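J.: Structure provided below as structure tokens; questions to follow.
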Amino acid sequence: MIPTHWFLILSAILFAIGVCGVLTRKNGITIFMSIELMVNAVNLTFLAYARQFHQIHGLIFVFFVMAIAAAEAAVGLAIFISLFHHRATIDVDEANLMRW
Amino acid sequence: MTWNDVVFLLPEIIISIGASLLLLAPVVGWRQRETSAKWSMLILLGITALTVIGCSYWVQEIPQSRSLAGMFALDGFAIFFKLIFITAIAMITLLSDDFLRESRYSVWEYYSLLGFALCGMMFMVSGMSLISIYIGLELMSLSSYILAGFFKNEEKSTEAAMKYFVLGAVSSGILLYGISLIYGVCGSLNLLDIGRALSTIITNDALMFGVMLLGAGLCFKMAAVPFHVWTPDVYEGAPTPITAFLSTASKAAAFSIFARIFYLALHDFQLDWSNVLATISALSMVLGNLAAITQDNVKRMLAYSSIAHAGYALLGIISLNSLGLRGVLIYSLVYVFANLGIWATVLMLRRHEYGGERVDDFEGLSRRAPFWAFAMVIFLLSLGGIPPTAGFIGKYFLFAAAIQAGFGWLAILAVLMSAVSMFYYLRLVVAMYLREGREADVAITRPLQIVAATCLIITLLLGIYPTPLINQATESSRWIGARAAIIPHAGR
């Protein structure tokens, strides 16, 4: 059996990649993909712990997280489409109508 | 799932069914009936409020920890906050009325989203498991993202929604990672189990990291420094009634869940998280108040003021004593109503060529609408915490709690920063009373009058005679207080 901490290290790396993506990318969709990567890294952590504890709570949480991530995707993409209508770009740095 | 479990969830079930029906109304040909949308929403909120009160009597006999496998509690704390949320949403419905009539957007969808946001907040504040808290939080957040961008033909509104969404989604991810690490260390998602597990764990890096991430995610929701960058832009860009929603109901929800998690689950956490939160609180108060001074846009000014108020509310959470818990309850109520009153006044000024969003727009309001100018002064004094108003009672509890918990320096800083905050609140008063106004009417419609008058009565009455509120807060915090091993005592 693969030790739990291997999964944890992998998920920490994935989460870190996601955070780096959010911080460095300018394209809205790429940022959104990075956020999804963060959320999925968290799912991996939950699954690793649930397997270690032989518990169902962690597994259930993963299902809820997946459902919420899908809802978040719908809302997020709708907002980006709306932004694209105004600007013809989804570069987040171009959204500077108000001071950051 | 027994009948008792259904009773616990009844208010949430009613509001979610009601919000779904609101969404369906345009399909059956009611799209143009805008007045019915408002009344349907108000009736729905009334039914929900009555159900919350009815359920609170029903569930008194049932041990809270057994409801829905320990995932959901309908204790006094939750009921107190649920009633605040419902009242606030009802007032926001009234504030939205004229605002929406001028626009071309579907009011049904707007009220439906407000209903879902309310459902999320009510679910979250009752959450006893990190699963139910997370789901409630996301339901509230996702509805808020859409509402912030509801006026999709206005570029500012869309931009606000985009910024709110990107930063909100990142903070949710961070919060979630914190939850997963806490789960990994404690082996449970239930707040009481986590509390028990933490009392035996001395020190653990994963736990420290997890709590920090969870705290960061929650601080984002309540807009505390350094997680506040979204606040001014979102508040400015969102439609004004939605700004009112974000700065009152949504913020009170963040206070409540912060208090619930930290009092129930993390009270035995022996690491120095209270010092970290104390620093965040101090930074929020200083940065929020100082940045607000330089703002010319009222919405941005109130955004920075709300950042400062997140700092004050954190005092009640850091102090971890009975005064602090009651302080969070009292302060949330007082803050919500003072703020809603201010937004009602801002909306009275709105229907003119110059908007009502700038400080200049308040010039000469004392001559154009003497009574509402006076009401505005009372609301501003309440936010500043000046004695005859309710704001004083809230701040008194929070500052006393901080002193009792040994954070004297923080209480002194909070008092100083309250004095600084009076500087920019008084800027509006000076504009209203000492400057010549422009020759324009104010649009004082009946719904705005109702909201402002109700807020005025609450703010003044609770400021002059706060005993019922204090007793209610003591009563409401009893269940959590007993589990957090802080015993609420009578009087002071």
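J.: Averaged across the residues of A:48-56, what count of C-beta atoms belonging to other chains lies within 10 Å of each residue's C-beta? Don't skip to the answer; put the middle values down first.
T.: Details: counts 2, 6, 2, 0, 2, 4, 0, 4, 0.
The mean count of partner-chain Cβ atoms within 10 Å per residue comes to 2.
J.: If you stretched the chain out fully between B:Q404 and B:V229, how much longer would it get, using 0.36 nm times the residue separation minus the C-alpha to C-alpha distance? Don't skip to the end; give the middle numbers.
T.: Details: separation 175, 0.36 × 175 = 63.00 nm, distance 3.18 nm.
Taking 0.36 nm per residue and subtracting the Cα distance, the gain is 59.8 nm.
J.: If you line up the long axis of helix B:34-58 against the longest principal axis of chain B, both from Cα atoms, how many degrees apart are they, to the nearest 10?
T.: Rounded to the nearest ten degrees, it is 30.
J.: Ignoring everything except DSSP H segments at least 4 long, calculate the 222 nm mean residue ellipticity for chain B; use -39,500 (n - 2.57) per segment, divide by total residues, nearest 500.
T.: Numbers: 21 runs with 367 residues, N = 492.
Here the helix-only value at 222 nm equals -25000 deg cm²/dmol.
J.: Restricting to Cα pairs below 8 Å that are 6+ residues apart, what does the relative contact order work out to for the stretch B:264-323? Please round to a whole percent. Don't skip to the end; give the middle numbers.
T.: Values: 48 pairs, mean separation 23.9, N = 60.
40 percent.
J.: Between B:L290 and B:A69, what's the calculated FRET efficiency when r is the beta-carbon distance and R0 is 45 Å? Round to 0.05. Before the final figure, lay out each step's value.
T.: Details: r = 47 Å, r/R0 = 1.05.
Taking R0 as 45 Å, the efficiency between B:L290 and B:A69 is 0.45.
J.: Order of B:T200, B:T240, A:T45 from fewest to most other C-beta atoms within 10 Å? Can you show the working numbers first?
T.: Numbers: B:T200 8, B:T240 21, A:T45 27.
Lowest count first: B:T200, B:T240, A:T45.
J.: Enter the angle in degrees (range 0 to 90, nearest 10) between the Cα long axis of helix B:390-404 and the first principal axis of the Cα atoms of chain B, meaning the one along which they spread out most.
T.: The helix B:390-404 is inclined about 30 degrees to chain B.
J.: Next question, about the same structure. Could you check the spin-label model distance between A:A74 and A:T30? Points 7 Å from the Cα along Cα→Cβ, value in nm.
T.: In this crude spin-label approximation the distance works out to 2.9 nm.
J.: Less than 18 Å apart at the alpha-carbon level, and either on another chain or at least 8 residues along: which lysines does that give for B:K156?
T.: B:K299
J.: Which value in Å does the Kirkwood hydrodynamic radius of chain B take, with 1/r averaged over all unlike C-alpha pairs and then inverted? Provide the component values of the computation, followed by the final result.
T.: Working: mean 1/r = 0.0445 Å⁻¹.
Evaluated over chain B, this radius sits at 22.5 Å.
J.: Take every Cα-Cα distance within the protein assembly as shown, group them into 20 Å bins from 0 onward, and report for each bin the whole-number percent of pairs it holds.
T.: Bin by bin from 0 Å, the calculated values are 21, 58, 20, 1.
J.: What value does the stretch B:202-281 have for Rg/Rh, both radii from Cα atoms and Rh as Kirkwood defines it?
T.: Numbers: Rg = 14.5 Å, Rh = 13.8 Å.
So for the stretch B:202-281, dividing Rg by the Kirkwood Rh gives 1.05.
J.: Can you figure out the FRET efficiency of B:I457 with B:F423, using R₀ = 25 Å and their beta-carbon distance, to the nearest 0.05?
T.: Values: r = 28 Å, r/R0 = 1.10.
Rounded to the nearest 0.05, the efficiency is 0.35.
J.: Length gain on complete extension for the stretch B:L42 to B:S199, per 0.36 nm per residue less the alpha carbon to alpha carbon distance?
T.: Details: separation 157, 0.36 × 157 = 56.52 nm, distance 4.52 nm.
Going from the current span to full extension adds 52.0 nm.
J.: For the stretch B:334-410, report the % of Cα-Cα distances exceeding 19 Å.
T.: Tail of P(r) above 19 Å: 46 percent of Cα pairs.
J.: Extending each Cα 7 Å along its Cβ direction at B:I450 and B:L416, get the distance between those two points in nm, one decimal.
T.: 4.6
J.: Taking each residue of B:163-175 in turn, how many C-beta atoms of other protein chains fall within 10 Å of its C-beta, and what is the average?
T.: Numbers: counts 5, 1, 11, 10, 1, 4, 13, 8, 0, 8, 16, 4, 1.
For peptide B:163-175, the averaged partner shielding equals 6.
J.: Follow-up. Starting from the 7 Å offset along Cα-to-Cβ, what nm value, one decimal, do you get for the label separation of B:I17 and A:L23?
T.: 4.9
J.: To continue, here is another question. With the contact rule set at Cα under 8 Å and sequence spacing of 6 or more, what percent relative contact order holds for chain A? Mind showing how you got there, number by number?
T.: Details: 76 pairs, mean separation 27.1, N = 100.
Answer for chain A is 27 percent.
J.: Run the reach check for B:K38 against lysines, Cα to Cα strictly under 23 Å, same-chain hits fewer than 8 apart removed. What comes back?
T.: B:K82, B:K152
J.: Magnitude of the Cβ-charge dipole of the stretch B:3-489, K/R +1 and D/E -1, about the Cα centre, nearest 20 debye? Walk me through the intermediate numbers first.
T.: Numbers: 29 positive and 29 negative charges, 90 e Å.
Magnitude of the dipole: close to 440 debye.
J.: May I ask for the angle, rounded to the nearest 10°, between helix B:408-434 and the longest principal axis of chain B, with both axes built from Cα atoms and the value confined to 0 to 90°?
T.: For helix B:408-434, the angle is close to 10 degrees.
J.: So, counting K/R as plus one and D/E as minus one, what does the shell of residues with Cβ under 14 Å around B:G394 add up to? Don't skip to the answer; put the middle values down first.
T.: Working: positive: B:K251, B:R326, B:K395; negative: none.
Residues close to B:G394 contribute a combined charge of +3.
J.: Taking other Cβ within 10 Å of each residue's Cβ, how do B:I17, B:I84 sort, fewest first?
T.: Listing B:I17, B:I84 from fewest to most nearby Cβ atoms yields B:I17, B:I84.
J.: What do the square roots of 5 times the Cα gyration tensor eigenvalues come to for the stretch B:371-492, in whole Å, largest first, as semi-axes of the equivalent ellipsoid?
T.: Details: eigenvalues 229, 78, 19 Å².
Over the Cα atoms of the stretch B:371-492, the ellipsoid semi-axes are 34, 20, 10 Å.
J.: Same structure again: Using Cα pairs closer than 8 Å and at least 6 residues apart in sequence, work out the relative contact order for chain B, in percent.
T.: The value is 15 percent.
J.: Let me ask something else. Mind pulling the per residue volume of the convex hull built on the Cα atoms of chain A? Å³ is fine. Working shown, then result.
T.: Working: hull volume 10.0 nm³, N = 100.
Residue-normalised Cα hull volume stands at 100 Å³.
J.: Next question. Net charge near B:S476, counting Lys/Arg +1 and Asp/Glu -1 over other residues with Cβ under 13 Å of its Cβ?
T.: Numbers: positive: B:K82, B:R260, B:R326, B:R478; negative: B:D75, B:E475.
For residues surrounding B:S476, the net value is +2.
J.: Next question, about the same structure. For every other residue with a beta carbon closer than 11 angstrom to the beta carbon of B:C55, add +1 if it is Lys or Arg and -1 if Asp or Glu, then tell me the sum. Let's see the in-between values first.
T.: Working: positive: B:K82; negative: B:E12.
Once positives and negatives cancel, what remains is 0.
J.: Under the 0.36 nm per residue contour assumption, what length would be gained going from the current alpha-carbon distance of B:S103 and B:T2 to full extension? Can you show the working numbers first?
T.: Values: separation 101, 0.36 × 101 = 36.36 nm, distance 4.57 nm.
Stretched out fully, the B:S103 to B:T2 stretch lengthens by 31.8 nm.
J.: Report the FRET efficiency, 1/(1 + (r/R0)^6), for B:I53 and A:F84, where r is their Cβ-Cβ distance and R0 is 60 Å, rounded to 0.05. Present the calculation step by step, with values, prior to reporting the outcome.
T.: On the way: r = 46 Å, r/R0 = 0.77.
It comes out at approximately 0.80.
Read-outs: derived from the displayed coordinates by stated rules, not from any lab. This one's a predicted model, so the numbers in the text were calculated from it and none came from an experiment. Glycine gets a Cβ as well: all are built from the backbone with ideal geometry, and neighbour counts include every protein chain shown.
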